[in-house]
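Every number here is computed from the coordinates shown, using simple stated rules; none is lab data. The structure presented is a predicted model; accordingly, all values stated were derived computationally and were not measured. So basically every Cβ, Gly included, is an ideal-geometry build from the backbone, and we count neighbours across all protein chains shown.
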Number of protein chains: 2
Amino acid sequence: MSANSPLHAYIHGQITPLDQAFLHISDLAIQRGYGVFDFFKVHAGQPLFLDYYLDRFYQSAQLMELAVPLERPALMEVIQALIRRNDLPLSGIKMILTGGYSADGYNPVEPNLLITQQPLTLPTPELLATGIKVITHDYLREIPPAKTINYSIGIRLLKQIKAHGADDVLYHHKGVVTEFPRANFFLVKYDNTVVTPATQVLAGITRRNILALPEQPYSISVGTVTLDDVYQAKEAFLTSTTKRVLPVVQIDDVVLGTGKPGPVTMALLQALLQVEEQQQQTLIVT
Amino acid sequence: MSANSPLHAYIHGQITPLDQAFLHISDLAIQRGYGVFDFFKVHAGQPLFLDYYLDRFYQSAQLMELAVPLERPALMEVIQALIRRNDLPLSGIKMILTGGYSADGYNPVEPNLLITQQPLTLPTPELLATGIKVITHDYLREIPPAKTINYSIGIRLLKQIKAHGADDVLYHHKGVVTEFPRANFFLVKYDNTVVTPATQVLAGITRRNILALPEQPYSISVGTVTLDDVYQAKEAFLTSTTKRVLPVVQIDDVVLGTGKPGPVTMALLQALLQVEEQQQQTLIVT
């Protein structure tokens, strides 16, 4: 991207400068918070694991009774065109699908599809060396398998997170741990087995990649994770598209293990980086 | 309003034709479904029970950590200016407050305040004579006292409501009844006592007006209402700003009482109309 070239977005069926991307206030996202989205990473012009993200985007749309206005090949063409237009070295692409311009402000109509692309910042080496602290909060997302735009609880908790000197909030429901507002959760037990909550969570693509890692010395599986398990963990980490594998070193008042990012977490981050690298190579060859 | 005068709305600090009222897609309502709103009725230029609606609007904003950009007198002036501009005989005014144009798409910033006004249609005599059928669904709103824009569940259920030949959905949580997506619930027992769920509901202004009715022959109170209570009710009705008192004659497969709107419901509708009329007269005198 040349220094003076503005970022572009896709809206109303065309690629437009981002600063001219507007929705009329009759849109159901504005009127009723009604919409779904998804978000993937683009490295050197290549969207990583795009198939998985598109699968999930279409599934979220279906779960919320919204029809994506573009078939998959057409959507992929738009994504490629946007990538060429913005020409960013490392970026995230967000697709948002809303309930559309509803005349009565309640019934969904023809959905609006927005696609934006922004430069991406990955966790710094300093952050990876320190890890993060999190608080916990009892909340279960309304429709866990759907990536809806509803973040009322997560955003409302930002002040509380800050007041506790924490970086994020881990949700549990009646003591059963689920996920972060924007990331999945994994813990490492003292026997080095790794577990992530099995149900009532978003099917994270990075979570999927960790669970699918080949030839790990650790057992990695899905299961029930309670707050008690969490407080007794040796290590813990979150996974997300932008954060990859990020160590969690304190949960509420409990310092985990040594209070520093642990070896299993860091080994899994390295393994993930290899998988990303392989995906990148595959895409370039293809 | 002259026939050719377009509706106007308040956005970005000024009154603008509604068809030119847009938000940039960085707004947190679009990105994260983050916002609150309120809605009141305007009859012959007079907003009815405005104080109560404004109280609730500021309270919702506070509950969601959003600052209303206008103090109450300034907000009332904007409302009055909009009413004069649109000059509608009977209308509803909706105020929406969003998380604003967030640079990172997550942290709330300076909120955007939108105010729209639309002609209002009240329930027809035919609908009042027939009543409505409702289904039930287990759901508890995330922050019951706040009127957030999150209607993910209510809107997602529209298809199911239609499939059952019903008109609305009554929420309960583990058998304890709360409210409709956009209305409060009341039931009338066979001893003619009237009860509405006490907690975990939005503090509806019409609900408040019913609870505050002077000199009724019926005991009207708040309490715990279970699905069992509902199925054994003699009458039931919903209350809302636009629907006033609307009879409910069937809940799931259970026909209530005679299957027709009952005398207590219709008496309370008449009593509410009197209260509205008195409010209207008071405003004109003042």
Segment B:21-123, Kirkwood Rh and Cα Rg, ratio Rg/Rh at 1.00
In segment B:205-249, taking the dipole from +1 charges on Lys and Arg beta carbons and -1 charges on Asp and Glu beta carbons about the Cα centre, the listed residue (B:Thr226, B:Ser240, B:Leu211) farthest towards the positive end is B:Ser240
Once the in-chain neighbours fewer than 8 apart are removed, the aspartates and glutamates whose Cα is under 16 Å from B:Lys162 read A:Glu65, B:Asp252, B:Asp253
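For chain A, what is the convex hull (Cα atoms) projected area averaged across all directions, in square nanometres? Walk me through the numbers before you get to the answer.
Details: hull surface 63.2 nm².
The orientation-averaged projected area of the Cα hull of chain A comes to 15.8 nm².
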Expressed in Å to one decimal, the Kirkwood Rh of segment B:128-216 from all distinct alpha-carbon pairs is 14.2
Answer check: the protein assembly as shown, Cα atoms, Kirkwood Rh, Rg/Rh ratio of 1.00
Log entry: pair-distance distribution for segment B:25-78, C-alpha pairs binned every 5 Å from zero, whole % per bin is 4, 17, 23, 24, 16, 10, 5, 1
In segment A:157-246, the GluC sites (Glu not before Pro) that sit in a DSSP loop and have at most 13 other Cβ atoms within 10 Å of their own Cβ are A:Glu215
Computed over the Cα atoms of segment B:51-197, the Rg and Dmax in Å are 18.5, 58
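Which GluC sites (Glu not before Pro) from segment A:1-90 combine a DSSP loop assignment with at most 12 other Cβ atoms within 10 Å? Intermediate values should be presented prior to the final figure.
Values: sites: A:Glu65, A:Glu71, A:Glu77; in loops: A:Glu65, A:Glu71.
Those satisfying the criteria are A:Glu71.
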For chain A, averaging the sequence separation of alpha carbon pairs under 8 Å that lie six or more residues apart and dividing by its residue count, the contact order in percent is 18
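What FRET efficiency comes out for the pair B:Gln59/A:Ala163, r = Cβ-Cβ distance, R0 = 22 Å, nearest 0.05?
Numbers: r = 21 Å, r/R0 = 0.97.
According to the calculation, E is roughly 0.55.
Please rank A:Val249, B:Val275, fewest neighbouring Cβ atoms within 10 Å first, as an exposure proxy. Don't skip to the answer; put the middle values down first.
Details: A:Val249 21, B:Val275 17.
Fewest-to-most ranking of A:Val249, B:Val275: B:Val275, A:Val249.
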Normalised Cα Rg of segment B:125-277, dividing by 2.2 N^0.38 Å with N its residue count, works out at 0.96
Short to long, in 5 Å steps from zero, the percent of alpha-carbon pairs of segment A:189-237 per bin is 5, 18, 31, 26, 16, 4
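Taking 24 Å as the cut-off for C-alpha to C-alpha distance, list the pairs among A:Lys133/A:Lys174; A:Lys159/A:Lys234; B:Lys189/B:Lys243 that go past it. Please list the in-between numbers first.
Numbers: A:Lys133/A:Lys174 21 Å; A:Lys159/A:Lys234 28 Å; B:Lys189/B:Lys243 22 Å.
Correct reply: A:Lys159/A:Lys234.
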Output field shielding_mean for A:33-45 (other chain Cβ, 10 Å radius) holds 3
In nm, the gap between the two label points placed 7 Å beyond Cα toward Cβ at A:Thr242 and A:Leu211 is 2.4
Under the helix-only model (-39500 (n - 2.57) for each DSSP H run of 4 or more, divided by the residues of the protein assembly as shown), the mean residue ellipticity at 222 nm, to 500 deg cm²/dmol, is -8500 deg cm²/dmol
